[in-house]
Each structure stands twice: as C-alpha cells, then as structure tokens.
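The values are calculated or read from the model by the stated rules, or taken from the named source; none is laboratory data. Please read all numbers here as calculations on a predicted model, not as lab measurements. A quick note on method: Cβ atoms are made from the backbone with ideal geometry, for glycine too, and the neighbour counts reach across all protein chains shown.
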Protein chains: 2
Amino acid sequence: MTGMASASLSPPDYVVLGMVGLGRRSGYEIKQAVELSIRFFWTISPAQIYPSLTRLERAGLLTGRDEPQGRRQRRLYELTAAGSTALAEWLQSTEPIPFELRDIGMVKLFFADAVAPSQAARLLTAVRQRSEQRLATLRAIRPEAEAAERQGDVYPALTLELGIAFHQAMVDACERFESRLP
Amino acid sequence: MTGMASASLSPPDYVVLGMVGLGRRSGYEIKQAVELSIRFFWTISPAQIYPSLTRLERAGLLTGRDEPQGRRQRRLYELTAAGSTALAEWLQSTEPIPFELRDIGMVKLFFADAVAPSQAARLLTAVRQRSEQRLATLRAIRPEAEAAERQGDVYPALTLELGIAFHQAMVDACERFESRLP
DNA sequence: GGTAACATGTAAGCGGTTACATGATTAG
DNA sequence: CTAATCATGTAACCGCTTACATGTTACC
C-alpha cells in the first residue's frame, strides 16, 4: 500500500519533507537548516520552499499551523503519518541513486593546458584553496552535528564527515601535483 | 582588449570551446569526449552542443567545415584565434570559482535517521558501492589520460586523479562508519 | 535483415534561479 | 534611525532535459 495521494514528489519536495521530519519548522527555518547542513551537496531557494510546503500540505503529507510572533507572520509545519511514510519509502527505495556533480572548477582545471603553465598552476591553487575554505566551514559546523548526534540523529554527522573527507582528499591531491610542477 | 564579439558565454559554451581546443572535432565527438572525461563533474547533451556550435561559429570563436564520411554528414570545428583567446581569458579570470554539488545520495544519507537502522545501513552501503563503481570506471579511463599526458595535455590526468581521490575518500569514510554500526 | 553506432538537429515542457514585493522586529 | 534579520510569497525568464525526427554506415 504505497501512499495513495502521492503524485511522485521531486527531490526538493523530499528535502522539505526531510527537514520538517527533523523537527517542526517554518519555511524560513528550512532554508536556514539547509544552509547549515546539506548546502554542500544540495541547495534550495525560498521560491522552491514555499510552493513546495503548500503542495505537500495539500497532499496531506504535512500539516501547517499559523504561529505568528507578535504581528510577524509565521507558519510551522510538521509531518503527518502519511508524510512520514512517504519520506521513509523514498529513503528505502532500491532504485539506483544517480551520481552527478556539476563543478566548473574541475572543468576549468581539465582544460588548463590551454594556458601558460604558470596560469594553469594558479588555477590549481585556486581549486585547492576553495576546498580549504570549505574544509574550514565544514569543521566549524561540527559542534552542531555532534549535538544532533547526541539526540539520536547520527547521519548528519556522517554526511559532514563525508564532506570533510572529500575536501581533504581534494586538497591532498592538489598539493601532490603542485609540488611536482614548479 | 577583451574579445570584442563575446556577449559572455555560458559554461556549456566553454565546455564546447575547450573540447574543440583539444583537437578538431564534430558535435558528436564532443559528446563522446565529455562522456570519457569530464562527465564525472559535468554533463552536456546534444541539444546543447549543436546550438552552441552554431552560436560560437557565428561569434567567430570557431570555424566549421563540412567533412562528410561518404553520404553521412559531418561537420568538424576548430578554434579561431579569437576562440583561443576567449578560452584562455575564461581560464585566467580571477573571479572566485563557485563550488556547488548536487547529489541526492548525500541528501538521502543525511535524512537516514528517519528509517530503521538496518535500512539506513543499506543506504550507506548503496552510497559506498556507487563510489566503488565510479572508481572502477575512472581507473579504466587512466590509459586515455596517460596518452593525453604524453602529448602535452597533463591536466586531464590531474582531474582524473582528483576524481579517483575523491571517490576513494568516500569509500574509506563509508567503510569506517559501516564497521562501527552493526 | 536487423541492431547498434554515427551524425545532426528541433520542439516542448519543466524546473529552478533571479528579481521583485511586502511587512514586522531587533540590534546598533 | 538604519540596517539586518525574520518571514512569506509571486512572476518572469532561462537553460536544460526529454522526446522526437531523420538519414547513413557497420556489424552480426
């Protein structure tokens, strides 16, 4: 019995669903949560979040309640049983997970032979520094992930470590090549 | 004196330009070259390539010449001096390179606490295996990259090693967590 | 004789980004 | 008093993917 209402949701819908699943939230808070956690492998804009919330509520996967702060409007959402089921089904589906990155930095590096060696080396350095910056940002988030871990959500910490490992590998590989060039 | 014709090209345009820069090519060959090299951090479809080639030729950055094989049509392109300059300028530009990934696998993993531990572990395994497969594919490409290296294009080999390092880091991190769970 | 690969394109639709619009509250 | 943050949305545009259309050559 696979959810009767669901007209197959898009990935952004599941991101919204998943974030609400981690705790009662407003659209604004969802955006913030994404920025603080999965923004290194996913982004979402307010123009996606608010229509998505409306759709998900109409589909019976979320329930929203107005809880203004003073005169400032605010609407908080939580998962319904159907929403929880839909999220779980998505996470459990056995379809192969496509892997697709889209990074202009790597593309530039690939074509770097088209410019002078010194210029190419500068590009390599820029790519390395970019990963070093991400690394610093990701490490700064660790406390939040560890706090979530203590409350039973261990996978955010795992994905954080995965991100750190990824960028560390990039930095190491760049350094190996940089030391070989000059 | 920054190229007078260029109305600022899109990333896919530069991908086409860069691929033609690596050797005289048809649209079909560009697609193949992308699949064999940068597809792990960029993709491009025929529906983008052919209009792009037309635009770039009109802008004077490429020249095309019909070279049919028998009755089978074919049009080969090469860089003009202006095209070469445009590519070099793009590669040398000092604007910060945005870093943005988009990977549903990571998103699923992030939310994995929403399902039973055994299901979450299955997800982790799926993500690990996905990287193992990429790793195998990337390693299979090594000969091509090394051939290019011998002919003076060293950066394709570099980006390949970067991709391998990235996926190896993912596999290692996944294994660390998998051994901790059961 | 049929399938896969070679080769080039067009059209429609959709999903996402950018920009815009509005208003309340807090901090400096 | 001003800027930043909180908070929610809409509209237009654009670029990309999907599907389609067409024809040739090589291979089994």
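The table below gives the values:
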{"item": "Qualifying residue in the range B:12-23 (condition: in contact with a helix residue (DSSP H, G or I) (Cβ under 7 Å, 6 or more places away or on another chain), away from DNA strand D (no atom under 12 Å from the Cβ) and modelled with pLDDT under 95)", "result": "no"}
{"item": "Residue in the range A:72-91 that is within 16 Å of DNA strand C (Cβ to nearest atom) and acidic (D, E) present", "result": "no"}
{"item": "First in the range B:63-81 and of a type in the set (G, A, S), second anywhere and away from DNA strand D (no atom under 16 Å from the Cβ), Cβ under 6 Å, 6 or more apart", "result": "B:G64/B:E57; B:G64/B:Y77"}
{"item": "Of residues in the range B:85-97 being surrounded by fewer than 17 Cβ atoms within 10 Å (Cβ to Cβ) and more than 7 Å from chain A (Cβ to nearest Cβ), the one farthest from B:A59 (Cα to Cα)", "result": "B:P96"}
{"item": "Every residue from the range A:161-182 that is in a helix (DSSP H, G or I), in contact (Cβ under 8 Å) with a residue 24 or more places away in the chain and not β-branched (V, I, T)", "result": "A:G163, A:H167, A:Q168, A:M170, A:C174, A:E175, A:F177, A:E178"}
{"item": "Pick from the range A:127-143, criterion charged (D, E, K, R) and facing chain B (nearest Cβ under 9 Å), ranking: farthest from the chain's Cα centre (by Cα)", "result": "A:R130"}
{"item": "Count of residues meeting criterion [among the polar types (S, T, N, Q) and more than 10 Å from chain B (Cβ to nearest Cβ)] in the range A:11-41", "result": "2"}
{"item": "Residues that are within 16 Å of DNA strand C (Cβ to nearest atom) and buried (at least 20 other Cβ atoms within 10 Å of the Cβ), drawn from the range A:50-70", "result": "A:S52, A:L53, A:L56"}
{"item": "Within the range B:31-52, tally of residues that are within 21 Å of B:S8 (Cα to Cα) and either of a type in the set (A, V, I, L, M, F, W, C) or within 14 Å of the chain's Cα centre (by Cα) (or both)", "result": "6"}
{"item": "Output for the range B:62-96, where each listed residue is more than 16 Å from DNA strand D (Cβ to nearest atom), of a type in the set (A, V, I, L, M, F, W, C) and under 20 Å from the mean Cα position of the chain (by Cα)", "result": "B:L79, B:A86, B:L87, B:A88, B:L91"}
{"item": "Residue within the range B:118-126 that is under 23 Å from the mean Cα position of the chain (by Cα), within 13 Å of chain A (Cβ to nearest Cβ) and part of a helix (DSSP H, G or I) present", "result": "no"}
{"item": "Failed item in (1) out of contact with any helix residue (DSSP H, G or I) (no Cβ under 7 Å at 6 or more places or on another chain); (2) part of a helix (DSSP H, G or I), with B:E146 passing the rest", "result": "(1)"}
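For (1) over 16 Å from the mean Cα position of the chain (by Cα); (2) farther than 23 Å from B:P156 by Cβ; (3) more than 8 Å from chain B (Cβ to nearest Cβ), each residue gets a yes or a no:
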| site | (1), (2), (3) |
| --- | --- |
| A:A145 | no, yes, yes |
| A:A157 | no, yes, yes |
| A:C174 | yes, no, no |
| A:S179 | yes, no, yes |
